[in-house]
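Student: Have a look at the structure that comes next, please.
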Amino acid sequence: MPTASDIKRPASKAARSSSGWIVPAKVIVFMAALYPLARLVFLGVTDGLGANPIEFITRSTGLWTLVYLCITLAITPARRLTGANALLRFRRMLGLYAFFYAALHFTTYLWFDKWFDVAAIVKDIGKRPFITVGFAAFVLLIPLAVTSPKAMVKKLGRRWQTLHRAIYAIATLVILHFWWMKAGKHDLTLPKIYGAIVVALLGWRLIVWLRSKSARG
Ligand code: HEM
């Protein structure tokens with residue numbers, strides 16, 4: 001669970017000057033995180049998206065959304081286990097990248113799969129369970145993206161932490177989305193791998209929370 005120490009506090013002058021590498025590191029991470037989009041654009045202009053470009057883009061953006069969600073969820077355990085507090089400075093950007101790729105994934109579906117046919121989309125969301133849970137995950141991601149700016153963290157205080165716990169439900173829904181989609185295709189290798197990663201990341205938080213609860217008596 002996010003704790004009070006996970007919320008960024010204004011750094012002291014000394015801390016700011018000793019972390020001058022943060023800005024270049026953020027620029028590098030920002031550029032590197034654009035790789036999946038750059039790859040799609042490159043493949044698009046070089047005719048490399050295969051026989052079904054829409055399916056290729058949907059699958060690629062879906063998988064990268066999941067990758068960024070897992071990386072974002074891994075920041076807190078990595079920080080606690082290594083003591084590298086600076087990792088926290090990259091969490092918001094990576095979370096926003098998860099939202100960015102989810103928005104591309106959803107837009108590809110809305111636009112090129114359904115041609116903005118609202119009736120067909122509503123029918124699909126109600127009929128296919130993997131679409132229902134994917135849609136629920138995307139809707140839940142929106143308030144997290146909207147409340148990600150520092151000013152919102154400050155304004156919402158502890159409510160920000162409570163709201164951002166929705167990330168655990170989102171990760172679970174996304175694994176269900178992936179699992180159901182691939183079960184229909186009898187290919188569960190990747191959903192099992194990502195499912196295990198999400199179980200480990202959420203399980204770690206549960207253990208930390210149970211320990212701190214029992215320590216408090
Ligand atoms: C946080 C939100 C979401 C995540 C992380 C996500 C993730 C994924 C993943 C990992 C895949 C499988 C990629 C592969 O085959 O390797 C996928 C496929 C797909 N997702 Fe999502 N998804 C999300 C939301 C949505 C939403 C909102 C919709 C539409 C309402 C949607 C529609 C689809 C479709 C149509 C496919 C491809 C199915 C196929 O190729 O047969 N997803 N998604």
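Read-outs throughout are calculated quantities, based only on the coordinates presented, and are distinct from any laboratory measurement. Predicted model, so just to flag it, every value in this text is computed and none were measured. Quick reminder, even Gly has a Cβ in these numbers, built from the backbone with ideal geometry, and neighbours come from all protein chains shown.
Student: Take MET93 and LEU163, extend 7 Å from each Cα along the Cα→Cβ direction, and tell me the distance between the two endpoints in nm.
Tutor: 2.3
Student: Give the residues of segment 78-114 whose amide nitrogen is closer than 19 Å to a point set 7 Å from the Cα of LEU156 in the direction of its Cβ.
Tutor: Once the point is set 7 Å along Cα→Cβ of LEU156, 88-103 turn out to lie under 19 Å by backbone N, inside segment 78-114.
Student: Mind ranking 168-174, 68-74 by how tightly packed they are, going by the mean number of other C-beta atoms within 10 angstrom, highest first?
Tutor: 68-74, 168-174
Student: Still on this model: Can you give me the angle between helix 118-127 and the longest principal axis of the chain, using Cα atoms only, in degrees from 0 to 90, rounded to the nearest 10?
Tutor: Compared with the principal axis, the helix lies near 70 degrees.
Student: Taking +1 at the Cβ of each Lys and Arg and -1 at the Cβ of each Asp and Glu, which of ALA145, ILE175, THR107 sits farthest along the dipole of the chain towards its positive end, judged by Cα position relative to the Cα centre?
Tutor: Result: ALA145, furthest along the dipole toward the positive end.
Student: Here's another thing I want to ask about it. Give the distance, in whole Å, between the Cα centre of segment 93-135 and the Cα centre of segment 159-201.
Tutor: So the two Cα centres are separated by 16 Å.
Student: How big is the dipole moment of the chain about its Cα centre under a simple scheme where the beta carbon of each Lys and Arg is +1, that of each Asp and Glu is -1, and everything else is neutral? Debye, nearest 20, please.
Tutor: It comes to approximately 1420 debye.
Student: When the chain is treated as a GNM, springs tying every alpha-carbon pair under 10 Å, which of LEU156, LEU176, LEU66 comes out with the largest mean-square fluctuation?
Tutor: Between LEU156, LEU176, LEU66, it is LEU156 that shows the largest mean-square fluctuation.
Student: Could you give the length gained on full extension between THR147 and ILE193, defined as 0.36 nm per residue of separation minus the Cα-Cα distance, in nm?
Tutor: Length gained, THR147 through ILE193: 13.5 nm.
Student: Here's a follow-up. Just to verify a number: FRET efficiency for ASP47 and ASP113, C-beta to C-beta distance, R0 = 30 Å, to 0.05?
Tutor: According to the calculation, E is roughly 0.90.
Student: Take the alpha carbon gyration tensor of the chain, find the square roots of its eigenvalues, order them as a ≥ b ≥ c, and report rounded if a/c is under 1.5; if not, report prolate when a/b exceeds b/c, else oblate.
Tutor: Since a/c reaches 1.5 and a/b is larger than b/c, the shape of the chain is classed as prolate.
Student: Assuming R0 = 25 Å, what is the FRET efficiency of MET31 and ARG128, from their Cβ-Cβ distance, to the nearest 0.05?
Tutor: Rounded to the nearest 0.05, the efficiency is 0.10.
Student: Along the charge dipole of the chain, pointing to its positive end and built from +1/-1 on Cβ of Lys, Arg, Asp and Glu, which listed residue (SER214, PHE90, GLY44) has its Cα farthest out?
Tutor: The Cα lying farthest towards the positive end belongs to SER214.
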